[in-house]
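Novice: Following this message is one structure expressed as structure tokens.
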Amino acid sequence: MGAGPELGAAAAGSLLLCAGLLGAGCALGLRLGRGRAAADRGALAWLCYDALVHFALEGPFVYLSFIGNIADSDGLIASLWKEYGKADARWLNFDPTIVSLEILTVVLDGSLALVLIYAIVKEKYYRHFIQITLCVCELYGGWMTFAPDWLMGSPNLSTNNWLYFWVYLVFFNSVWVLVPGLLLWQSWVELKKMYHKGTSLKKKFQ
């Protein structure tokens, strides 16, 4: 795999913007999770970051795609997507599959993230139902983003540059596989505990 060009200003700016959103999401999530278990504080930090990405980055992407395309757009958010488009060319021009998935991601996943934040903070009974739904949506979106291109031999993906492949494609997208996977496991464990607790109470009063 080729070394490719050095880290340029556009790449550095895009990574700094993502780092800024991560910092803001973590700060907000940890503040909302004060006094809660470490797992829930971590979940809230992730969910705040997740919601920020969906609404602040992917929302403008959808808008710019409908009024033209990323390749011909200007501005901070457009420059970030142009940089990512060096790794996956489908994001530069109007790709129906990508735009369709992003509409679903912004509207459904972004809204579910907000509902889940509320459910965790207020300890609502539907917390794990929403958590499982959101995680499955995130994993489905990741699969449908890349599977069609993989089946065609990845013609739109840049795999010869370490930054575009390992950072943009592998790292950033694998985060949306790893964290939802961990949250699914958390829901599984908690639902199992609730089931055994309910079963024990039922037997106690029989």
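The values are calculated or read from the model by the stated rules, or taken from the named source; none is laboratory data. Note that the coordinates shown come from a computational prediction; the quantities given were computed from them, not determined experimentally. All Cβ positions, even for glycine, are placed from backbone atoms using ideal geometry, and neighbour counts span all protein chains on display. Ligands, DNA and RNA are excluded from the accessible area calculation, which covers all protein heavy atoms including side chains. Shrake-Rupley method; radii C 1.70, N 1.55, O 1.52, S 1.80 Å.
Novice: Go through Ser100, Ser158 for me and flag whichever is open to solvent by 20 Å² or more (accessible area, probe 1.4 Å) and touching a Lys or Arg at 6+ places or on another chain (Cβ under 8 Å).
Specialist: The unique qualifying residue is Ser158.
Novice: Quick check: anything in the stretch 80-87 closer than 18 Å to Thr145 by Cα and part of a loop (DSSP other than H, G, I, E, B)?
Specialist: Scanning the stretch 80-87 turns up at least one residue that is closer than 18 Å to Thr145 by Cα and part of a loop (DSSP other than H, G, I, E, B).
Novice: Then there is this: Which residues, counting only those in the stretch 5-35, are modelled with pLDDT under 95, open to solvent by less than 70 Å² (accessible area, probe 1.4 Å) and in a loop (DSSP other than H, G, I, E, B)?
Specialist: Result: Gly8, single match.
Novice: Return the residue satisfying two criteria in turn: it lies in the stretch 63-81 and is of a type outside the set (Ser, Thr, Tyr) and surrounded by fewer than 18 Cβ atoms within 10 Å (Cβ to Cβ), and of such residues it is farthest from Ala113 (Cα to Cα).
Specialist: Asp72
Novice: Here's a follow-up. With the requirement that a residue be closer than 20 Å to Leu134 by Cβ and out of contact with any Phe, Trp or Tyr (no Cβ under 9 Å at 6 or more places or on another chain), what does the stretch 61-100 give you?
Specialist: Val62, Ser100
Novice: Name the residue, out of Leu139, Leu169, that is out of contact with any strand residue (DSSP E or B) (no Cβ under 8 Å at 6 or more places or on another chain) and within 23 Å of Tyr49 (Cβ to Cβ).
Specialist: So the residue among Leu139, Leu169 that is out of contact with any strand residue (DSSP E or B) (no Cβ under 8 Å at 6 or more places or on another chain) and within 23 Å of Tyr49 (Cβ to Cβ) is Leu139.
Novice: Name the one entry in Leu169, Leu183 that is under 24 Å from Ala38 (Cα atoms) and open to solvent by less than 50 Å² (accessible area, probe 1.4 Å).
Specialist: It is Leu183.
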